[in-house]
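Beneath this line is the structure, given in structure tokens, with notes to follow.
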Number of protein chains: 2
Amino acid sequence: MRVLGVDPGLGRTGVAVVEGAPGALRLVHAARIDTVPQTSEPARLANLYDLVADVLESYTPDVAAVEQLFFSTNRRTAMRVGEARGVILCAIGRAGVHVAEYTPTQVKEAVCGYGAAHKKQVMRMTSRLLALDSDADDVADACAVAVCHHHRARLSALTGTRRRQAGSSPLERAVARARARFEAARR
Amino acid sequence: MRVLGVDPGLGRTGVAVVEGAPGALRLVHAARIDTVPQTSEPARLANLYDLVADVLESYTPDVAAVEQLFFSTNRRTAMRVGEARGVILCAIGRAGVHVAEYTPTQVKEAVCGYGAAHKKQVMRMTSRLLALDSDADDVADACAVAVCHHHRARLSALTGTRRRQAGSSPLERAVARARARFEAARR
């Protein structure tokens, strides 16, 4: 599975393409998308759209993982990040790629083992897991959310398999037992 | 001048195309763009993008006027409106159309004569000014922000003209007087 992780922002957006499975993850692409502060906001958003669409076209991910946003104390910054995030989700939606969203706590839990991990710890873990050679925290965050999706997908695949091995729900098992008794009585 | 007014939202976006000049404004197009609540957010944002791009292509406005956003008490709603607004600005930016932004107070002042006007008054004024036949407040707000841009553009054209008629800045006038004295002395 190939996952595109995105850490959204108007000025700086981190993107990372991570493929493989937990334990054998491989970093295919990692970059920071910058928009020019001197240009107008619509021009920056249009530019951001084109750059994200380029990544989607070049790396054809199976799914995109995007961090959920929480409002910071600075409302102006939060607004701009929200607008950038909308553009990124739109580009992914138009490419027909499914989006999974994760809270910062879920991402930290998946990468560091606990949800209150610091930025530095997330960076250290992503560079260890993926041999990431970048000191940009936007890129590390994009890697982290991609890794988070890989872990979550593995987890739900495992629980799905276990349920399938167990065969059925209590109701289905009761029906199977009744049918077996019926078949035994007929013979 | 043809102005596209937009009142952004994820579920409902009002759009209005208004052309002419203050005193002789004409409503070319007014509509509410709805996205399907049952679909995913990226799909809704992609849909919103396509519908706004359609309006831009069909009506080729000279400029777009978009209301500035302020955070409501509901952070979740504010976030979604911010994301929708980003997508709309992106679509306008990609169409190469200039965006003018106005605060709700500026819009109300331009349409009703004072910045604290109520929603009902804005609706009454836009339907009077543009013979708008719609009871959707998103559409009325889109009309209002387009009318606001027409008024503001007229105002700055008038003050620009007046300045050009007055000829120059105090420095330029001083230079012109000095040159005239120099020319007079030479003769």
For the structure I just gave you, tell me whether residue A:134 is hydroxyl-bearing (Ser, Thr, Tyr) and closer than 17 Å to residue A:16 by Cα.
yes
Complete set of residues in segment B:1-52 that are among the hydrophobic types (A, V, I, L, M, F, W, C), buried (at least 16 other Cβ atoms within 10 Å of the Cβ) and not in a strand (DSSP E or B):
B:10, B:43, B:45, B:46, B:48, B:51, B:52
Residue A:103 meets each of (1) surrounded by fewer than 23 Cβ atoms within 10 Å (Cβ to Cβ); (2) touching a strand residue (DSSP E or B) at 6+ places or on another chain (Cβ under 6 Å); (3) among the β-branched types (Val, Ile, Thr); (4) more than 13 Å from every other protein chain (Cβ to nearest Cβ) with one exception, condition (2)
Right, residue A:66: touching a residue at least 60 places away in the same chain (Cβ under 8 Å) and within 12 Å of chain B (Cβ to nearest Cβ) or not?
yes
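Identify, from the list A:93, A:23, the residue that is of a type outside the set (A, V, I, L, M, F, W, C), without any contact (Cβ under 8 Å) to a residue 24 or more places away in the chain and closer than 19 Å to residue B:52 by Cβ.
Answer to the selection: A:93.
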Quick one: in segment B:126-158, which of the residues that are buried (at least 18 other Cβ atoms within 10 Å of the Cβ), of a type in the set (Gly, Ala, Ser) and farther than 14 Å from residue B:3 by Cα is nearest to the chain's Cα centre (by Cα)?
B:140
Regarding segment B:68-77, can at least one residue be identified that is among the aliphatic types (A, V, I, L, M) and farther than 28 Å from residue B:133 by Cβ?
no
Tell me, please, whether a residue that is more than 8 Å from chain A (Cβ to nearest Cβ), within 20 Å of residue B:152 (Cβ to Cβ) and in a strand (DSSP E or B) can be found in segment B:70-87.
no
Of the candidates B:113, B:96, the one satisfying the condition of being at positive phi, within 14 Å of chain A (Cβ to nearest Cβ) and surrounded by fewer than 22 Cβ atoms within 10 Å (Cβ to Cβ) is B:96
All but one of (1) within 14 Å of chain B (Cβ to nearest Cβ); (2) touching a residue at least 12 places away in the same chain (Cβ under 8 Å); (3) under 25 Å from residue A:43 (Cα atoms) hold for residue A:55, so report the exception by its number.
(1)
If I go through segment B:4-42 residue by residue, how many of them are closer than 13 Å to residue B:142 by Cα, within 14 Å of chain A (Cβ to nearest Cβ) and small (Gly, Ala, Ser)?
1
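Could you say which residue among A:144, A:116 is small (Gly, Ala, Ser) and in a loop (DSSP other than H, G, I, E, B)?
It is A:116.
Read-outs: derived from the displayed coordinates by stated rules, not from any lab. These numbers were taken from a predicted model, which means no experiment stands behind them. Virtual Cβ from ideal backbone geometry, glycine too; neighbours counted across all protein chains shown.
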